[in-house]
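Below is one structure; the comments refer to it alone.
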Amino acid sequence: MRRGQFPPSGSAAAGALRRRRGKMADAVPAARWARAAAALLLGCCGAALASGIQDQAEQFFRSGHTNNWAVLVCTSRFWFNYRHVANTLSVYRSVKRLGIPDSHIVLMLADDMACNPRNPKPATVFSHKNMELNVYGDDVEVDYRSYEVTVENFLRVLTGRIPPSTPRSKRLLSDDRSNILIYMTGHGGNGFLKFQDSEEITNVELADAFEQMWQKRRYNELLFIIDTCQGASMYERFYSPNIMALASSQVGEDSLSHQPDLGIGVHLMDRYTFYVLEFLEEIHPASQTNMNDLFQVCPKSLCVSTPGHRTDLFQRDPQNVLITDFFGSVRKVEITTETISLDRDLAGFESKLPKDELTTEPLKYAEQLPVAQIIHQDTCMVRLYFRSSAQLTEDGAIPLPLPLLVAALEYMEDSSVFW
């Protein structure tokens, strides 16, 4: 206590204590309100940030698929069906240009028009008049050809019910994140499509195959396109989800050909496929063109027939479905401004490896006997068998079945072996 200051009385001290307590009581709610406001602001910002990230993720994986496949089928034989082979090869050219590799394309051609003796330009198939565009290039990989193109093989490819010995190039190795394009062309009618002019697949069989694919989780979304007479009848029986279907003609209508070529002597393409491919030529891998634009590419004034489409089984709005979701390949790329060094630790890792592991031994062929020595051994075995067999009979005859004896004699005659 400083000099000249008297201690406060009891009532004055009590009042001062009450004032200090009141100020503390007023400060506590203010602090609580400040903390609550900060938490609310942080929560709103976090929710907005999370929502933004979620929107970016949904935009990044808009279609939900991670890989693309294409099954392209021409079901017609004979020279006068040249246009059906050109249809299929033209679609094959377009999907490869947009990024789907051969390893994800199953190409089925019922006839080889490039090697047909009536083809005035061997090893070529043209899709435009005056022979402007050859769609049979050096890099065409046909997986099923000629009589391999059957209803059974087609259904086995779709459903995965194929023998274990089937090579990978003839398999549809899709999964539940695959977008699949199925294109078919040929001669058809109300509810069927002919294969090789000897058998046919019905719309019920096709619908059941797609249902098996869905049950076995073999596709995420499926686009079915068919160019044939009365093509709309082929998708009437579909009942599986996530299928979008297009056809070149309605029930009761014919699908007409296009571009006759006097030099080749046949029509080069069908009208519907021609205008679809003309539309696809304007598409690039980063294009934002949607499926609604594809629905309008061939009006009746151009196709003469009435193209149709079905979207009721498809979950997304066709306006939000990009053309490249089916005709292109997935390229999930994240753009960054930072420089990332990929070989920063590679040199150090290689320096730690012993030199023996870095060097590889050259491959060597297994040692084999010369061909002449192999033939000599086989001849000796045959001669020995003949001698031992002759000793078992009293008259010295050779107790061999006649087919085996003839085969042995022919073998020794071809090998220039005399005994």
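The values are calculated or read from the model by the stated rules, or taken from the named source; none is laboratory data. Predicted model only: the values in this text are computed from it and were never measured. All Cβ positions, even for glycine, are placed from backbone atoms using ideal geometry, and neighbour counts span all protein chains on display. Protein only, heavy atoms only, side chains kept; ligands, DNA and RNA dropped before computing areas. Shrake-Rupley method; radii C 1.70, N 1.55, O 1.52, S 1.80 Å.
Applying the criterion of at least 3 residues that are of a type in the set (D, E, K, R) and under 20 Å from residue 234 (Cα atoms) to the helices (runs of 4 or more DSSP H) found wholly in the range 270-317 leaves an empty list.
Taking the range 284-312 as the range and being touching a Ser or Thr at 6+ places or on another chain (Cβ under 7 Å) and within 16 Å of residue 224 (Cα to Cα) as the test, only 307 passes. Scanning the range 192-219 for residues that are modelled with pLDDT of 95 or more, surrounded by fewer than 20 Cβ atoms within 10 Å (Cβ to Cβ) and in a loop (DSSP other than H, G, I, E, B) yields 216, 217. Looking at residue 325 and the list (1) in contact (Cβ under 8 Å) with a residue 60 or more places away in the chain; (2) buried (at least 20 other Cβ atoms within 10 Å of the Cβ); (3) under 24 Å from residue 270 (Cβ atoms), which single condition is not satisfied? Among (1) in contact (Cβ under 8 Å) with a residue 60 or more places away in the chain; (2) buried (at least 20 other Cβ atoms within 10 Å of the Cβ); (3) under 24 Å from residue 270 (Cβ atoms), the lone unmet condition for residue 325 is (3). Of the residues in the range 135-158, at least one is modelled with pLDDT under 90, within 13 Å of residue 90 (Cβ to Cβ) and of a type outside the set (Phe, Trp, Tyr).
Taking the condition among the polar types (S, T, N, Q), assigned to a strand (DSSP E or B) and surrounded by 14 or more Cβ atoms within 10 Å (Cβ to Cβ), does residue 119 pass? So residue 119 fails the test.
All conditions but one from (1) surrounded by fewer than 18 Cβ atoms within 10 Å (Cβ to Cβ); (2) under 23 Å from the mean Cα position of the chain (by Cα) apply to residue 276; the one that does not is (1). From the list 262, 277, the lone residue that is free of Cβ contacts under 8 Å to residues at least 24 places away in the same chain and under 20 Å from residue 129 (Cβ atoms) is 262. Looking only at the range 246-267, residues that are surrounded by fewer than 24 Cβ atoms within 10 Å (Cβ to Cβ) and assigned to a strand (DSSP E or B) come to 7 in all.
Of the residues making up the range 139-151, none is in contact with a Phe, Trp or Tyr (Cβ under 7 Å, 6 or more places away or on another chain), of a type in the set (D, E, K, R), surrounded by fewer than 20 Cβ atoms within 10 Å (Cβ to Cβ) and over 28 Å from residue 256 (Cβ atoms). Flag: residue 150 matches the condition of being among the β-branched types (Val, Ile, Thr) and touching an Asp or Glu at 6+ places or on another chain (Cβ under 9 Å). Only residues that are open to solvent by 30 Å² or more (accessible area, probe 1.4 Å) and closer than 19 Å to residue 326 by Cα were counted across the range 152-172, and they come to 1. In the range 241-259, the residues that are farther than 30 Å from residue 131 by Cβ form Cβ pairs under 8 Å with partners that are open to solvent by less than 10 Å² (accessible area, probe 1.4 Å) and among the hydroxyl-bearing types (Ser, Thr, Tyr), at six or more places apart or across chains, as follows: 242/219; 250/305; 251/233; 253/305. All conditions in (1) under 23 Å from residue 324 (Cα atoms); (2) touching a strand residue (DSSP E or B) at 6+ places or on another chain (Cβ under 8 Å); (3) at pLDDT 95 or above hold for residue 175, with the sole exception of (3).
Checking 111, 143, 102 one by one, the residue that is under 19 Å from residue 213 (Cβ atoms) and of a type in the set (D, E, K, R) is 143 and no other.
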